[in-house]
Amino acid sequence: MEMNGMKKGIILFAALLVAGMTAEAQTQNTFGGGDIVLSAGIGAGTALNIGNTVVPPIVIQGEYGIVDNLFDAYSSIGVSGYIGFAAGRKSFYYYPYDTYRQKINSFLLGVRGTFHYQFVERLDTYAGITLGGEIANVREEGRWWNGQPPRYGGFLADVFIGARYYVVPQLAVYGELGFGVAYFTLGVSFKI
């Protein structure tokens, strides 16, 4: 009987120790009101209609924390400016006409709203939306055979999720999934 009580005491002590270490580990929030985070990354795949990718998606963004302690000490909201770039090439073939080609440079400019939540130490997880526009520069080669050739650009909306892991308090690596300039982005973030 005494041995069971001792086991229960050890288990209770271990559980309290782990809970205390977890609470202590989460004392510093990774993103909050007033924080500024600059990020740059490179992506894989794109939702932009650019054909075969020539230049992979490149992303630059800057985020500002506007609301701190939304639900608790680990939740916040940020807004950011977003610039993305990707380039591609499309070819159209129609017998007996010549081949028609387009070289497309596509820029995505947008604003983002992001909800952040820190589940564990040093890891900033987030989700949000991007609203913006795609500006496309198209160079054409050959002759289009019927009406107007395809045009690009216009309004673009994106839903995304991501995470930043802070290697040191001011430097993080990040990964993001979405439907904007890239389906998957990897990069670095700097908190200033």
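The values are calculated or read from the model by the stated rules, or taken from the named source; none is laboratory data. What you see is a predicted model, and the numbers here were worked out from it, not measured in a lab. Quick reminder, even Gly has a Cβ in these numbers, built from the backbone with ideal geometry, and neighbours come from all protein chains shown.
A few remarks follow.
- Meets criteria (at pLDDT 55 or above and over 24 Å from residue 169 (Cβ atoms)) for residue 45: yes
- Residue that is closer than 19 Å to residue 123 by Cβ and not aliphatic (A, V, I, L, M), where the choices are 49, 29: 29
- Criterion: in the same structural domain as residue 173 (by TED's automatic domain parsing) and over 20 Å from the mean Cα position of the chain (by Cα) - qualifying residue of 71, 155, 115: 71
- Being in the same structural domain as residue 46 (by TED's automatic domain parsing), surrounded by 13 or more Cβ atoms within 10 Å (Cβ to Cβ), small (Gly, Ala, Ser) and farther than 24 Å from residue 40 by Cβ holds for only one residue in 142, 110, and it is 142.
- Evaluation of residue 191 against (1) closer than 22 Å to residue 42 by Cβ; (2) loosely packed, with under 14 Cβ neighbours inside 10 Å; (3) basic (Lys, Arg) (one fails), failing number: (2)
- Flag if residue 120 is modelled with pLDDT of 90 or more and in contact with a Phe, Trp or Tyr (Cβ under 8 Å, 6 or more places away or on another chain): no
- Residue list for the range 173-192, filter: under 13 Å from the mean Cα position of the chain (by Cα) and part of a strand (DSSP E or B): 173, 174, 175, 176, 177, 184, 185, 186, 187, 188, 189
- Filtered by the rule that a residue be of a type in the set (Gly, Ala, Ser) and touching a Lys or Arg at 6+ places or on another chain (Cβ under 6 Å), the range 143-183 gives a lone residue, 172.
- Scanning the range 69-81 for residues that are modelled with pLDDT of 90 or more and among the small types (Gly, Ala, Ser) gives 75, 76, 78, 80, 81.
- Of all the listed residues (135, 161), the sole one being within 20 Å of residue 67 (Cα to Cα) and either surrounded by fewer than 16 Cβ atoms within 10 Å (Cβ to Cβ) or polar (S, T, N, Q) (or both) is 161.
- Number of the exception - residue 51 against (1) in contact with a Gly (Cβ under 7 Å, 6 or more places away or on another chain); (2) modelled with pLDDT of 85 or more: (2)
- Residue in the range 82-105 that is exposed (fewer than 14 other Cβ atoms within 10 Å of the Cβ), of a type outside the set (D, E, K, R) and modelled with pLDDT of 95 or more present: no
- Strands (runs of 3 or more DSSP E) wholly inside the range 26-115 that include at least 3 residues being without any contact (Cβ under 8 Å) to a residue 40 or more places away in the chain: 52-68, 75-92
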